[in-house]
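Trainee: This is the structure I have questions about; it appears just below.
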Ligand SMILES: COc1nc(N)nc2c1ncn2[C@H]1C[C@H](O)[C@@H](COP(=O)(O)OP(=O)(O)OP(=O)(O)O)O1
C-alpha cells in the first residue's frame with residue numbers, strides 16, 4: 001500500500017491551523033494539510049519535513065505523529081496516511097507551484113472545501129488527541145461510504161499491514 005503523510009502546523013495561542021489550497025495532483029483545488037507520498041528509503045518523519053519544505057518553504061521542528069488512517073477505494077486499500085502536527089517551524093509559509101498556504105481559526109475550518117473524511121478526524125487533532133481510523137470511499141474515491149475513527153490511541157501504526 002502507498003504510504004503518505006499530512007502535516008498540520010499550529011498556532012495554539014491564536015487557535016489557528018495552516019492549510020494549503022492544493023494546485024495540482026491528487027485533491028487539486030481542495031484545502032488540505034501539506035504532505036505527500038513517502039518515497040523509497042524514506043521514513044514518514046523524513047517525508048513530512050521534505051514535503052512541507054517543498055510545498056510551503058518552511059521546516060517543521062519536531063513534528064509529532066498523532067494519527068494514522070487507511071483509505072480504501074472500493075475493495076482496494078489505496079493509501080496509509082501518517083498524520084503529524086507541529087507547533088514550531090523555521091521560515092515563513094509561502095506559495096509554491098504546488099500550494100497556497102493560509103491560516104484558519106480552529107472554529108472556522110471550511111470542511112466543505114476539504115476531503116470528505118477531514119471533518120471526522122481533524123477536530124481531534126485540533127483538540128490535541130491521537131487517533132486512528134479507516135475511510136472507505138467508492139471505487140473512484142468520490143464519495144465516502146463508511147468510516148471509523150478511534151481516539152485516545154496510544155500505539156500508532158496499529159493499522160499498518
Ligand atoms: C481519499 O481521501 C483523502 N483525504 C485526505 N484528507 N487526504 C488525502 C486523501 N487522499 C490523499 N490524500 C493526501 C495524502 C497525501 O498528503 C496527499 C497525496 O497527494 P499526492 O498524490 O499529490 O502526493 P505527492 O507526493 O505530493 O505528489 P506527487 O506524486 O506529484 O509527488 O494527499
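What follows draws every value from the coordinates through simple rules; no lab data is involved. Note that the structure is a prediction, hence the values are computed from the model and not measured. Here the Cβ positions follow ideal geometry from the backbone for every residue, glycine too, while neighbour counts run over all protein chains shown.
Trainee: When the residues of region 139-161 are narrowed to those that are outside any strand (DSSP E or B) and within 11 Å of the ligand (Cβ to nearest atom), which ends up surrounded by the most Cβ atoms within 10 Å (Cβ to Cβ)?
Mentor: Restricting to residues being outside any strand (DSSP E or B) and within 11 Å of the ligand (Cβ to nearest atom), the top hit is 141.
Trainee: To continue, here is another question. Return the residues of region 1-18 that are surrounded by 12 or more Cβ atoms within 10 Å (Cβ to Cβ) and more than 8 Å from the ligand (Cβ to nearest atom); say none if nothing qualifies.
Mentor: Correct list: 1, 3, 7, 8, 9, 10, 11, 12, 15, 16, 17, 18.
Trainee: All but one of (1) in a strand (DSSP E or B); (2) over 19 Å from residue 137 (Cα atoms); (3) touching a residue at least 60 places away in the same chain (Cβ under 8 Å) hold for residue 71; state the number of the condition that does not hold.
Mentor: If we test residue 71 against (1) in a strand (DSSP E or B); (2) over 19 Å from residue 137 (Cα atoms); (3) touching a residue at least 60 places away in the same chain (Cβ under 8 Å), just (2) comes out false.
Trainee: Name the one entry in 101, 97 that is part of a loop (DSSP other than H, G, I, E, B) and touching a residue at least 60 places away in the same chain (Cβ under 8 Å).
Mentor: 97
Trainee: A follow-up question, please. List the number of the failed condition for residue 48; all other conditions in (1) farther than 17 Å from residue 79 by Cβ; (2) surrounded by 13 or more Cβ atoms within 10 Å (Cβ to Cβ) hold.
Mentor: Here residue 48 clears every test but (1).
Trainee: Could you list, in sequence order, the residues of region 19-43 that are within 17 Å of residue 82 (Cα to Cα), buried (at least 21 other Cβ atoms within 10 Å of the Cβ) and more than 8 Å from the ligand (Cβ to nearest atom)?
Mentor: Across region 19-43, the qualifying residues are 19, 38.
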